[in-house]
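Q: Submitted below is the structure of interest, expressed as structure tokens.
The values are calculated or read from the model by the stated rules, or taken from the named source; none is laboratory data. Small disclaimer: the values here were computed from a predicted structure and weren't measured. All Cβ positions, glycine included, derive from the backbone under ideal geometry; neighbour counts span all protein chains shown. Just so you know, the surface numbers come from the protein's heavy atoms only, side chains and all, with ligands and any DNA or RNA stripped out. Shrake-Rupley method; radii C 1.70, N 1.55, O 1.52, S 1.80 Å.
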Amino acid sequence: STMRRRKTTDSPYLSTNLSEGKEKLRLKQEVGLISGVSLIAGTMIGSGIFMSPEWVLHHMGSPASSLLIWAACGLLAMFGALSYAELGTIIKESGGEYIYILRIFGPFPAFLFAYTSVILVRPAGLAAVCLSFAEYAIAPFYPGCSSPQVVVKCTAAACILFLTIINCLNVRLATSIMNIFTAAKILALLVIVVGGLVLLAKGQTQSFQNAFQNTTAGIGAVGVAFYQGLWSYDGWNNLNYVTEELKKPEVTLPRAVMIAIPLVTCLYLLVNVSYLAAMTPSELLSSGAVAITWGDKVLGSWAWLISLSVALSTFGSSNGTFFSGGRVCYIAAREGHMPDILSMAHVRCLTPSPALLFTSTVSLIMIVSGSFTGIVNFFSFMAWIFYGMTISGLLYLKIKKPELSGSYKVPIIIPMIVLMAAVYLVLAPIIDQPQIEILYIVLFIFSGIILYFPLVHFKCHPHFLQRVTLHLQLFLEVAPTTRDAN
């Protein structure tokens, strides 16, 4: 693919020169509407719907309020994706939040995003998905009790190592695995939905009587419940990472969003209703793996099918997360915001192996030191800081530079709602239950300042770094990718 390294000293604001000069540099536009829908839905349906329901219920306290959270999360994901769709029609470049923050606010905040995303946010997402895969993969070996944490973490680590090998060796194999497992996850959800409808038809509605009883009202608890629910919708912005490869992005991007997200929201609500039809709230809360408990109660001797389907689903999702994980890293390196080694590819396999190896190493550290719910809360807090920044960039363009608007325009009230939700999701846990971990996260984000000014702004690169890069190139058998090939 033809890439160009842009100067980070460009104006932080958008200019027509960017869009004019981009015409001949655009990547092949091969992603159509169906592929776009499948990319969004396939990434969203991962581990969350099989792991998060018990935590949403735990924080909200009642079945009806937890269902409201699931619906509200779907609506928020829809509003966020529609706002991003407008950004994608104004700035027709791949890279998602990173490229939007870079073009609107300039290189410094974009570097902070890339630094945080590459080192923490993306590895945290991969770690959480692999932990959920491990829970379901080993649950059948420990019937009637929760699985030992050591076994769960070792299985998750093995999953990451296996994915690293696949993605570093063969791109086609990695994409084939993604497609097969997408079918498995949709089938698993449909089995759970149909089973729940049968139970409701038989009159199993005890969980829905006095459904609002014991509802929690604390702003912090609601915020954390949102974190757990929104984790299941993560991926709503995935199409913005491949904008350059979309056919007619101004049409495909909004349409794919309008099809995929309502479809996933309806599936999630029906699956939650099915869980509550099969289990009492207390049974759901005590279940380490909700879908396995559902399978034991509804399918009996065939319960292993659910365990297998969910393990396949979460493995496929972790593969998708890992596969797309190098995109921000690669583009940030292309802009001069990351070490050159992370933008290199293997000379024979043509895979971005340094970026993939780096992501897997950080993910392994997170698996050893964290739990699923802790990693998800940490991931969501960081992600919503940057979602809020990106949406505020859209509001800035709509108000200050209306002439830049693309062919698709979202009503201004929608990004305003998303921005208010982002502010709430960031501040609510801090106000209600301040934790020292949140301070560490904020300090980590701003620690990027120490690296930005000497390494990026003033371009002071110590000679030993060049030697390290050269040795790594020889050891990993990687080379810089073509930039100005035309």
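Q: Would you calculate the convex hull of the Cα atoms in the chain and tell me its volume per residue in Å³?
A: For the chain, the hull spanned by Cα atoms encloses 144 Å³ per residue.
Q: Note down the relative contact order for the chain as a percent, whole number, built from C-alpha pairs under 8 angstrom at least six residues apart.
A: Averaging sequence separation for qualifying contacts and normalising by length gives 33 percent for the chain.
Q: If you roll a 1.4 Å probe over the chain with all protein chains in place, what percent of the accessible area is carbon or sulfur?
A: Within the chain, the accessible surface is 67 percent carbon and sulfur.
Q: Return one whole number: the accessible area per residue of the stretch 385-486 in Å², for a 1.4 Å probe.
A: Per residue, the stretch 385-486 has 64 Å² of solvent-accessible surface.
Q: Now for a separate question. Packing-wise, with mean Cβ within 10 Å as the measure, how do 100-109, 185-194, 77-86 rank, highest first?
A: Those peptides, ordered most packed to least, come out 77-86, 100-109, 185-194.
Q: Let me ask another. Test of the criteria: in the stretch 410-486, which trypsin sites (Lys or Arg not before Pro) are in a DSSP loop and have at most 15 other Cβ atoms within 10 angstrom of their Cβ?
A: In loop regions of the stretch 410-486 (DSSP not H, G, I, E or B), the sparsely surrounded trypsin sites (Lys or Arg not before Pro) are Lys459, Arg483.
Q: Still on this structure: State to the nearest 20 debye the size of the charge dipole of the chain about its Cα centre, where the only charges are +1 on K and R beta carbons and -1 on D and E beta carbons.
A: 1100 debye
Q: If you take every residue apart from Ser307 with its C-beta less than 15 Å away from the C-beta of Ser307, what net charge results, scoring Lys and Arg +1 and Asp and Glu -1?
A: 0
Q: Hey, what number do you get for the chain at 222 nm if only DSSP H runs of n ≥ 4 count, each worth -39500 (n - 2.57), divided across all residues, to the nearest 500?
A: -22500 deg cm²/dmol
Q: Now for a different question. What translational diffusion coefficient, to the nearest whole µm²/s, does the stretch 355-430 have by Stokes-Einstein, given a Kirkwood radius computed over alpha-carbon pairs, a temperature of 37 °C and 0.692 mPa s viscosity?
A: 221 µm²/s
Q: Compute the FRET efficiency between Thr215 and Val442 as 1/(1 + (r/R0)^6), taking r as their Cβ-Cβ distance and R0 = 25 Å, and round to the nearest 0.05.
A: E between Thr215 and Val442, to the nearest 0.05, is 0.20.
Q: In the structure shown, do any of Lys248/Lys400; Lys185/Lys247; Lys202/Lys297; Lys92/Lys248; Lys92/Lys185 have a Cα-Cα gap over 22 Å, and if so which?
A: From Lys248/Lys400; Lys185/Lys247; Lys202/Lys297; Lys92/Lys248; Lys92/Lys185, over 22 Å: Lys248/Lys400; Lys185/Lys247; Lys92/Lys185.
Q: 7 Å from Cα along Cα→Cβ at both Ala64 and Trp304: what's the point-to-point distance in nm?
A: Label-label distance for Ala64 and Trp304, simple model: 4.2 nm.
Q: Sort out for me the Cα centre separation of the stretch 372-394 from the stretch 413-486, rounded to whole Å.
A: 14 Å
Q: Find out how many positive minus negative residues lie around Gly46, taking Lys and Arg as positive, Asp and Glu as negative, among other residues whose Cβ is under 10 Å from that of Gly46.
A: Every neighbour counted, the sum reads 0.
Q: Another question, then. Roughly how many nanometres apart are two label points built 7 Å out from the Cα toward the Cβ at Gln466 and Leu169?
A: Here the answer is 3.7 nm between the modelled labels.
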